[in-house]
Amino acid sequence: LHVTSDSLTTVAVLTGQSEVDMSAFSNLLSNNAYNVETVDLTTGTIPAEAEFLVIYAPSVDIEEQMASTILDWLENHGDYGHNLIYFPSDKRDVSEYPNLNSVIAEYGMEVDFGYIYEADSSYVAASLNTSLCSRYDYADKTFTKDLPNPEIPVYLYYTLSVDITDGVTASPLLTSS
């Protein structure tokens, strides 16, 4: 991006919910020409120029007003085009987050608590010998049309399941066996 773009994409990172330290992820973004800004919705707002909002493993739920602020930002006065990236904590039961869950539900999804456990050995990463790291398939060829090699497998560790509750609003990117 440093070479091909004159402008930086702004990524807002939510703070104030006792999130897990994500400085390594923020540094990775910064080193790859993203403008990373932290935002605490109890004292501030999501920057207007932000295209992405990242919520990284919060230890407590967001306030109801914060959920409303995030939904308004995502709607973007009817223009949409904003993206929420949510990394739920695998240490907390997602049912403890009714306000954050309401944001996710508004977009046709529901996060389940508990890891996806791979029972089909042909999907398990052989070198890792763990059923908690498995191969995922692209759910739709639409997602692979611009990839140089869509046959390269995607392996993920410790994944939580996301149920699509509204197939008109949401669609899966990856699926497990």
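The values are calculated or read from the model by the stated rules, or taken from the named source; none is laboratory data. None of the values given here were measured: they were computed from a predicted structure. Reconstructed Cβ throughout: ideal geometry from the backbone, glycine too, with neighbour counts over all protein chains shown. Side chains are part of the model used for accessible areas, which takes the heavy atoms of the whole protein and leaves out ligands, DNA and RNA. Shrake-Rupley method; radii C 1.70, N 1.55, O 1.52, S 1.80 Å.
Some values worked out for this structure:
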quantity	calculated
Region 51-66, subset of a type outside the set (A, V, I, L, M, F, W, C) and not in a helix (DSSP H, G or I), residue least open to solvent (accessible area, probe 1.4 Å)	58
Some residue of region 11-26 being touching a residue at least 12 places away in the same chain (Cβ under 8 Å), out of contact with any Ser or Thr (no Cβ under 8 Å at 6 or more places or on another chain) and in a loop (DSSP other than H, G, I, E, B)	yes
Test result for residue 35, of a type in the set (S, T, N, Q) and over 13 Å from residue 12 (Cα atoms)	no
Residue in region 53-62 that is closer than 30 Å to residue 6 by Cβ, out of contact with any Phe, Trp or Tyr (no Cβ under 8 Å at 6 or more places or on another chain) and of a type outside the set (Lys, Arg) present	no
Residue list for region 19-39, restricted to those being surrounded by 12 or more Cβ atoms within 10 Å (Cβ to Cβ) and of a type in the set (Asp, Glu)	19, 37
Flag for residue 48 being open to solvent by 40 Å² or more (accessible area, probe 1.4 Å), over 25 Å from residue 114 (Cα atoms) and among the hydrophobic types (A, V, I, L, M, F, W, C)	yes
Test: residue in region 116-129 that is more than 27 Å from residue 48 (Cβ to Cβ) and touching a helix residue (DSSP H, G or I) at 6+ places or on another chain (Cβ under 7 Å)	no
